[in-house]
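Below is one structure, written out as structure tokens, with a few remarks after it.
The values are calculated or read from the model by the stated rules, or taken from the named source; none is laboratory data. Owing to the predicted nature of the structure, the values given are computational and were not obtained by experimental measurement. When we count neighbours, we look across all protein chains shown, and the Cβ atoms used for this are built from the backbone with ideal geometry, even at glycine.
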Amino acid sequence: MNIHEYQAKAIFSRFGVPVLDSHLVRPGDDVEQFCESLESHAWVVKAQVHAGGRGKAGGVARADSRQGLVSAVSGMLGARLVTRQTGEEGLPVQAVLLEAAVQIRRELYLALLVDREAGQVAIIASAAGGMDIEQVAQQAPDKIIAQHVHPAAGLQPSQVRTLAYALDLQKNQLRQLQAVLSALFELFVSCDCSLVEINPLIIDEDDRLVAMDAKINIDDNALYRQADIANLRDATQGNRDEERACELGLNYVQLDGRIGCIVNGAGLAMATMDLVKHQGGEPANFLDVGGAITQEKVAEAFKLVVHDSRVKAVLVNIFGGIVRCDLIARGILDALQSISLKVPVIVLLQGTRAAEGRKLLENRHAGLHQANTLTEAAQRAIRLART
Ligand code: ADP
Ligand code: MG
């Protein structure tokens with residue numbers, strides 16, 4: 001799960017990672033009142049969206065007067081921000097963060113992430129932080145260094161020294177880096193993060209290390225024990241269909257093709273998509289209804305997949321184990337009562353109560369086709385999607 005910069009900065013503060021004083025501004029708030037408390041003559045307005053690349057897309061604006069500040073805020077609030085990470089539609093800006101504009105001496109990059117291959121938390125750092133870090137990663141990967149933290153040994157002073165040396169830090173900055181890293185590592189573990197990124201971690205005019213940007217991703221599987229963080233979910237920032245599926249407790253992932261796939265179980269989802277691709281098609285999504293599904297949820301799942309205008313055919317592939325095929329069939333029929341089906345649907349039911357399920361679907365709708373094998377189902381879906 002993703003959270004906003006202002007939320008990540010609040011967590012940083014709690015763990016002792018230095019951030020600038022800031023104010024969150026929502027529509028209707030009195031901006032001038034906020035600038036009084038941020039003693040400064042220049043301010044920075046930052047659009048709060050779940051995407052980076054804001055600085056290069058007009059989502060981070062500097063204002064040198066109160067008037068300029070007010071107009072920067074009103075220009076951003078309520079608009080949609082398109083950055084290189086958002087897609088063409090962009091994301092709605094429902095709040096902006098206000099900070100004093102500070103003098104920056106250096107911009108560093110610092111991140112912690114789970115390195116699955118190593119089975120450890122990796123600290124990634126670069127002296128070439130800032131808005132061009134992607135370019136640095138591509139063109140000069142040697143400017144990015146990593147240190148892995150052993151889960152039993154924890155962060156070692158020698159590792160901090162290695163990082164500080166690579167970042168070209170002075171002695172008093174090394175001490176600050178030690179404090180920042182210890183705090184970040186504790187935050188990372190106790191909040192079940194999959195990524196914490198500070199880009200830029202700046203060195204200011206007074207030689208202080210400050211997190212100027214903040215990104216935190218939380219492992220979705222740990223949200224059950226991170227209730228405070230789970231509450232920060234902002235449904236306006238995600239893919240609408242994926243959010244809707246999440247509300248329904250379904251696993252749904254959007255892809256780029258034309259064939260919608262409704263399956264049960266992650267393994268069958270992978271196999272189904274592999275076969276669709278093998279037969280020359282491209283999945284538009286996959287929706288895993290899981291095992292403990294109800295008829296109502298099958299209907300909702302079906303509606304979710306067919307309403308996507310990119311979907312030109314739907315492939316339903318159910319291998320009934322715990323889930324019963326007749327329940328799936330009834331769910332599909334329920335959905336067909338409330339929508340007008342515009343794309344062909346190919347259904348393959350096997351396993352528990354497959355015969356009952358197939359019978360229920362027989363001759364019920366001109367757009368419903370049944371198949372006997374997965375290959376046949378995939379070929380048919382691809383053929384019908386083209387017509
Ligand atoms: P993004 O990563 O989405 O582009 P950042 O928060 O990293 O957004 O901001 C982009 C750039 O804007 C930073 O690299 C920094 O140079 C500048 N910036 C951000 N906040 C401030 C601030 N409070 N004072 C001065 N410059 C800032
Ligand atoms: Mg940034």
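Worth a mention:
- Among (1) touching a helix residue (DSSP H, G or I) at 6+ places or on another chain (Cβ under 9 Å); (2) in a strand (DSSP E or B) - the single one Leu184 does not satisfy: (2)
- Looking only at residues of segment 22-41 that are touching a residue at least 60 places away in the same chain (Cβ under 8 Å) and out of contact with any strand residue (DSSP E or B) (no Cβ under 7 Å at 6 or more places or on another chain), we find that the one that is surrounded by the most Cβ atoms within 10 Å (Cβ to Cβ) is Pro27.
- Residues in segment 315-338 that are in contact (Cβ under 8 Å) with a residue 60 or more places away in the chain and farther than 19 Å from Ala354 by Cα: 0 in all.
- Taking residues in segment 71-93 that are touching a residue at least 40 places away in the same chain (Cβ under 8 Å), and partners anywhere that are β-branched (Val, Ile, Thr) and surrounded by fewer than 15 Cβ atoms within 10 Å (Cβ to Cβ), the pairs with Cβ atoms closer than 6 Å and at least 6 places apart or on different chains are Pro92/Thr236.
- Hits in segment 181-200 (condition: under 22 Å from the mean Cα position of the chain (by Cα) and closer than 25 Å to Gln103 by Cβ): Leu184, Glu197, Ile198, Asn199, Pro200
- Some residue of segment 320-327 being modelled with pLDDT under 95, within 31 Å of the chain's Cα centre (by Cα) and buried (at least 17 other Cβ atoms within 10 Å of the Cβ): yes
- Scanning segment 107-134 for residues that are within 12 Å of ligand 2 (Cβ to nearest atom), surrounded by fewer than 20 Cβ atoms within 10 Å (Cβ to Cβ) and within 20 Å of the chain's Cα centre (by Cα) yields Met131, Glu134.
- Scan of segment 126-158 for residues that are within 16 Å of ligand 1 (Cβ to nearest atom) and either assigned to a loop (DSSP other than H, G, I, E, B) or under 30 Å from Leu24 (Cβ atoms) (or both), ordered by number: Ser126, Ala127, Ala128, Gly129, Gly130, Met131, Asp132, Ile133, Glu134
- Some residue of segment 54-72 being in contact with a Leu (Cβ under 8 Å, 6 or more places away or on another chain), hydrophobic (A, V, I, L, M, F, W, C) and away from ligand 1 (no atom under 14 Å from the Cβ): no
- From the list Asp168, Asp228, the one residue that fits, being away from ligand 1 (no atom under 16 Å from the Cβ), over 17 Å from the mean Cα position of the chain (by Cα) and in a helix (DSSP H, G or I), is Asp228.
- Close Cβ contacts (under 6 Å, 6 or more residues apart or on different chains) running from residues in segment 105-134 that are in contact (Cβ under 8 Å) with a residue 40 or more places away in the chain to residues that are part of a loop (DSSP other than H, G, I, E, B) and among the acidic types (Asp, Glu) comprise Ala127/Asp168.
- Annotation note: of Ala301, Ala292, Ala271, Ala284, the sole residue that is part of a strand (DSSP E or B) and either touching a Lys or Arg at 6+ places or on another chain (Cβ under 6 Å) or among the small types (Gly, Ala, Ser) (or both) is Ala284.
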